[in-house]
1. Considering only residues that are open to solvent by 50 Å² or more (accessible area, probe 1.4 Å) and assigned to a strand (DSSP E or B), which ones fall in region 133-146?
2. Among the listed residues H200, H249, which satisfies the condition of being over 16 Å from R20 (Cβ atoms), buried (at least 22 other Cβ atoms within 10 Å of the Cβ) and in contact with a strand residue (DSSP E or B) (Cβ under 8 Å, 6 or more places away or on another chain)?
3. Would region 33-43 turn up any residue that is at pLDDT below 95, out of contact with any Ser or Thr (no Cβ under 6 Å at 6 or more places or on another chain), within 20 Å of N112 (Cα to Cα) and open to solvent by 50 Å² or more (accessible area, probe 1.4 Å)?
4. Out of all the residues in region 109-135, which are small (G, A, S) and closer than 18 Å to W41 by Cα?
5. Taking region 230-246 as the search range and keeping residues that are touching a residue at least 60 places away in the same chain (Cβ under 8 Å) and open to solvent by less than 20 Å² (accessible area, probe 1.4 Å), which one is farthest from Y59 (Cα to Cα)?
6. Does region 56-65 include one or more residues that are under 18 Å from the mean Cα position of the chain (by Cα), under 17 Å from I266 (Cβ atoms) and open to solvent by less than 30 Å² (accessible area, probe 1.4 Å)?
7. Is it the case that E178 is open to solvent by 30 Å² or more (accessible area, probe 1.4 Å) and acidic (D, E)?
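The values are calculated or read from the model by the stated rules, or taken from the named source; none is laboratory data. Being a predicted model, the structure only gives us computed values, none of them experimental. Reconstructed Cβ throughout: ideal geometry from the backbone, glycine too, with neighbour counts over all protein chains shown. Side chains are part of the model used for accessible areas, which takes the heavy atoms of the whole protein and leaves out ligands, DNA and RNA. Shrake-Rupley method; radii C 1.70, N 1.55, O 1.52, S 1.80 Å.
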Amino acid sequence: MLVGLLAGGLWLAPARADERRFTYSYEPELAPQGTLEFEQWVTLRTQRTKGGAVQQGNYNLWELREELEYALTDNYSLSLYLNTAAESFRDYSQSPPADTSSFDFKGISIENRYMLLNPAEHAVGLTLYLEPRYSGEEAEIEEKIILGQRHGDWKWAFNLTHATEWADSLHSTEGEVEASFGLARDLGKHWSLGLELRDHNELPDYELWENTALFLGPVVSYRQEKWWAALTVMPQIFGANFHGDPDGHPNLELEGHERVNIRLLIGVSF
C-alpha cells in the first residue's frame, strides 16, 4: 500500500503538500485553503515488560492511521482518521508460555487545527489542536498547543499535549500529558535531518502521576512537490515509575511504555 501511495503521488496533478519535518511534533503551518491531502501513519512500539518478572516477551504494537485532511481556510484544517492497532507478545505468566496477538479497531478521530499566529508573520507560530476519538468501547479527547518557527535552513517545533482516554466500555479513565520538541535542518531542496525529543506521562483516573518516559532519536524527511515522507526512530533514554519498580528496570519505564518507538508518515496531496 505504501509503495502504491508513493508511486501514485508522482503522477498527481501539481499541488502543495502539507509537508512535515517531524512525526511526533506538529508544526504550526497549515496547508493553503482548498488543499486535500491523504496521510498514512505507521507506528511501531516495540519491546516492554510488565509486572515485575518478565511477563511479556517480544512485545510489538503496530498502530495504523489513515488520515484525510482538508484545509477549509488558510487558518483552519479538518481531518478524518481511521485508527487500527495490532498487538502481539509472548505471555510468560502462562505455563507453558503462549504467543498471543490481536487486531483491534480503535475508532474514528476528527482532528481540528486552527492557526492563531502565522510563523511567516510573527516571531513564533501558534496553532491550537483538538481531536476527539470514539470506537464504541473507547473514547478520547486530545488537545495540543503547537509552537514553531523557521530560521534559515533550521526549523523547530514544540508541542504540549493533554489527553483524556475512557476505556473498558468507558468505565475507566486515564489522563496523559506529553511534551515533544523537534529540531531539523534542511539539506538542499528535498531532504532534512534532525532530532525529536518526547516525554510521555500517564495519570490513571487522575488520582496519581504514575510514570514518565523520555524518548530521543533522529528524524529524516523527504519531500517532493506532490508528496512527502518522514521517519523517526526514538529509543527510550530514561523512564521511571513513581510507585515502585514493577518492570525491574530502575532507569527505564517498561510497564506502560516501550524501549523503542518508530513512526513513518507519508503524505500525498490532491
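1. Pass one, region 133-146, residues open to solvent by 50 Å² or more (accessible area, probe 1.4 Å): 134, 137, 141, 143, 145.
Correct list: Y134, I141, E143, I145.
2. H200
3. Scanning region 33-43 turns up no residue that is at pLDDT below 95, out of contact with any Ser or Thr (no Cβ under 6 Å at 6 or more places or on another chain), within 20 Å of N112 (Cα to Cα) and open to solvent by 50 Å² or more (accessible area, probe 1.4 Å).
4. Of all residues in region 109-135, those small (G, A, S) come to 109, 120, 123, 125, 135.
Listed by number, the list holds a single entry, S109.
5. By that ranking, first place goes to A230.
6. Taking region 56-65 and keeping what is under 18 Å from the mean Cα position of the chain (by Cα), we get 60-65.
Now restrict to residues that are under 17 Å from I266 (Cβ atoms): 62-65.
With the extra rule that they be open to solvent by less than 30 Å² (accessible area, probe 1.4 Å), the set shrinks to none.
Looking through region 56-65, none of the residues is under 18 Å from the mean Cα position of the chain (by Cα), under 17 Å from I266 (Cβ atoms) and open to solvent by less than 30 Å² (accessible area, probe 1.4 Å).
7. So E178 does not fit the description; no.
For (1) surrounded by fewer than 17 Cβ atoms within 10 Å (Cβ to Cβ); (2) under 30 Å from A240 (Cβ atoms), each residue gets a yes or a no:
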residue: D74; (1), (2): yes, no
residue: S95; (1), (2): yes, no
residue: E111; (1), (2): no, no
residue: H122; (1), (2): yes, no
residue: A157; (1), (2): no, yes
